[in-house]
Amino acid sequence: MSDPSFLPPGTAFEEERAPRYWIKTYGCQMNVHDSEKYAGILAEMGYQPANGPDEADVVLVNTCSVRERAEDKLFSELGRLRILKDQIAGSAYGKPKEILVGVTGCIAQQRGNEIIERQPAVDFVIGTRAIQTLPEVIADVRRSGDPCVNTQDLVDFESQGVRRADQVRAFVTIMEGCNNYCSFCIVPATRGLEVYRPAAAILDEIRGLGLRGYREVTLLGQNVNSWIDPDSRMEFPELLLAIDGSLHRAEAEDGQSGVERVRFLTSHPKDLSPRLIDAMGAADRVAKHLHLPVQSGSNRILSNMNRHYTAESYLEQVAALRQAVPGVGLSTDLIVGFPGETDKDFEATLELVRQVEYDSFYSFEYSPRPDTAAVTQYEDDVPAEIKRTRLIELQRTGRSIQEARNAAWVGHETKVLVDSLSKRSDEDVSGRTSSNHIVNMAGDTGLIGKLVDVRVLSHAAHSVYGEIIGLPH
Ligand code: SAM
Ligand code: SF4
Ligand code: F3S
């Protein structure tokens, strides 16, 4: 962050330049996409992106409250923004306008006014379902000089003008909220109950993305496989088949392949029906990857988590999926140290992880969240150091499985959608297989957005390295 006292004096340039915004995003893909929606709204209001908060007229902090640490991070971020605001207001040259600081996302929804009480540098708070109110809220704060809070339920799936960060892969919201009330999880409180977007609007948005050159779409929702069309009652497996059919028709009509792959996040095991498994096997544009959070391998803990499945039923689903969708990539989320988790429960989680052999997973220490059933019903009785040791052991087990699975790719050929320059080397590009494995290879930006055939030459812990063996398309 540059020192604001070095800003050029309040010159004509300063006065005439377009206003700028800066957005800091925490949390999951849903929040990442919400930030893209905010960026689109700000662009329509005439704002341009800033390189940092010190250059911005409006700063948004789009928050996550899934774990306690995420909340701590917010208040440190807001403390830094308060210092920045004070510096700019008191700088010799000043800026024509004061920075407005807004807090959005899950903590905003949950805490509303409390955020302003705790950190008066915050000018406005917008909840998860009031994104579209940003222009009125900014106008209100500018007019009155008083803080403004809007946490109304005004779900709007409008996707016009979304300003996406990536030019190859696009997120598409298909539902908001969650009805599951897993006992540890704050999301139903922060995102509300499930609301579904109509199939026609989803299909239209995907068609438009294909015409604009996007090659991959990820359907987003906290629990996508409980999606149901609000009018026709079409369910999620049929939606996938409808999207697949529409992509094939679009290719025939437009003479270009457009969106090549459709992914979806996140699926709950209790809603993974045989029809969904069949649809994944049948629809060739649907990526051969499933993120299926299991959380624990102990049936007692799963029951206390209110997850509605057992380790055995989960393993049966995995076997059915692997049979119907050969080569399917599988990832999951796991929690260690849920209240009452014994060594034996944790061993059951390790055993499940060894049996499934996930391609990757996210793992977390249980973090008690306000207003959740787990907090009211159970004591957070697993000591912090035991949570830590279990997490380390789980991650070590996962890493060695992932490395062995990556090693098995060496010598094989696969299709990769190139999505970016590699993070490690300017001479390499990076992409993903349909099964969501990361593949790096020699290449330049001309390959971004292309599908390439690759032979895998070597492997690392989280990715493989390959060489291109055919013409990109
Ligand atoms: N909807 C998804 C599902 O069905 O599992 C997950 C959404 S949640 C935002 C992402 C992950 O955060 C969860 O799968 C869980 O592993 C983790 N998580 C949620 N609440 C947590 C808590 N209180 N402590 C630790 N991890 C938590
Ligand atoms: Fe949270 Fe459970 Fe809903 Fe996932 S399914 S968002 S873990 S309540
Ligand atoms: Fe966090 Fe909200 Fe996502 S709590 S994980 S940003 S739904």
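The values are calculated or read from the model by the stated rules, or taken from the named source; none is laboratory data. Worth saying up front: this structure is predicted, and the values here are computed from it rather than measured. FYI the Cβ positions are ideal-geometry reconstructions off the backbone, even for glycines, and counts take in every protein chain you see. Heads up: the accessible areas ignore ligands, DNA and RNA and are worked out on the full protein's heavy atoms, side chains in. Shrake-Rupley method; radii C 1.70, N 1.55, O 1.52, S 1.80 Å.
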Folded to 0 to 90 degrees: helix 134-144 orientation relative to the chain principal axis, Cα: 20
Relative contact order for the range 260-407, counting Cα pairs under 8 Å that sit 6 or more residues apart, in percent: 23
Average Cα contact separation per residue, the range 318-396, under 8 Å, 6 or more apart, as relative contact order %: 40
Folded to 0 to 90 degrees: helix 29-44 orientation relative to the chain principal axis, Cα: 40
Amide proton proximity set for HIS289, modelled H, under 5 Å, gap of 5+: GLY329
Cα gyration tensor shape for the range 137-190, rounded if a/c is under 1.5, else prolate or oblate: oblate
In the range 373-473, the trypsin sites (Lys or Arg not before Pro) that fall in loop regions by DSSP, at most 14 other Cβ within 10 Å: LYS423, ARG424
Packing rank of 327-336, 460-469, 101-110, where each peptide gets the mean count of other beta carbons within 10 Å, highest leading: 101-110, 327-336, 460-469
Over the range 169-407 - Rg/Rh using Cα atoms and the Kirkwood inverse-distance radius: 1.00
Angle between the chain longest axis and helix 343-356 axis [Cα atoms, degrees, rounded to 10]: 70
Residue-averaged 222 nm ellipticity for the chain, from DSSP H runs of 4+ at -39500 (n - 2.57), nearest 500: -11500 deg cm²/dmol
Heavy-atom surface of the chain, accessible at 1.4 Å and reported per residue (Å²): 44
Whole-Å distance, taken between Cα centres, linking the range 247-284 and the range 166-189: 19
Shape category assigned to the range 107-160 from the gyration tensor of Cα positions, a/c cut at 1.5: oblate
Check: the chain dipole with +1 on Lys, Arg Cβ and -1 on Asp, Glu Cβ, in debye: 440
Sequence-distant residues sharing a close amide H with THR151 (under 5 Å, placed H): GLY127
Binned Cα-Cα distances of the range 214-331, short to long, each 10 Å bin given as a whole percent: 13, 42, 31, 11, 3, 0
For the chain: lysine pairs under 21 Å (alpha-carbon distance), excluding those fewer than 8 apart on one chain: 16
Sulfur and carbon atoms: percent of accessible area, the chain [1.4 Å]: 49
Rounded to the nearest 10 Å², the accessible area of PHE364 at probe 1.4 Å: 50
Mean separation of Cα contacts under 8 Å, 6 or more apart, over the residue count of the chain: relative contact order %: 10
Loop trypsin sites (Lys or Arg not before Pro), the range 21-121, which have at most 15 other Cβ atoms in a 10 Å radius of their Cβ (DSSP): LYS97
